[in-house]
């Protein structure tokens, strides 16, 4: 396993060791001791989530507020997504900064997203199966979001907006300035 820093504080790309042969491949998707040794971060993941999305589905930008904030370790099990995170921690030197990366079933990378980040992705393949490990249980009352096309974030989703499939809930999310001023 290799850990690569991103431009955002405390956010990492995790590159697993992949063993390929004529049968296919094998990898450890998570190894707690190796993760701690390489990052210095000890997290207890308590909930695994999975979504299946078709081409053009955009999910996000989502986060959990306050004491129910969630650290996530995310990956595309199948297909390809453009994964996007935003640092929403006012005390962070990378507050309001965006990072995006491709997660797919070829590179098999994962993204470690600390508490206090907004997260979303758009499916770039026919279908994607996306997995999330979370260190806090989901609490509906703590759910928050930011509109995907917030002008202050200026995220290039690398996908035609008119072809995106977005839930009514995600289309109704507020702008960043409505939350943080």
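Brief remarks on what is shown
- Three-way shape call for region 88-143 based on the alpha-carbon gyration tensor, with the a/c threshold at 1.5: oblate
- Contact order relative to length of region 2-180, as percent, for alpha carbon pairs under 8 angstrom and 6 or more apart: 29
- Exposure proxy shown here: for 65, 20, the number of other Cβ atoms within 10 Å sets the order, fewest to most, as 20, 65.
- Size descriptors for the chain: radius of gyration and Dmax over Cα atoms are 16.0, 55 Å.
- Taking 168, 83 and counting other C-beta atoms within 10 Å, the order from fewest to most: 168, 83
- Each residue in 129, 81 was given a count of other beta-carbon atoms within 10 angstrom of its own, and listing them fewest first yields 129, 81.
Each value in this text was obtained by applying a stated rule to the coordinates, not by laboratory testing. The model shown is predicted, which means the values in this text are computed figures rather than measured ones. Glycine also receives a Cβ, built like all others from the backbone with ideal geometry; neighbour counts cover every protein chain displayed.
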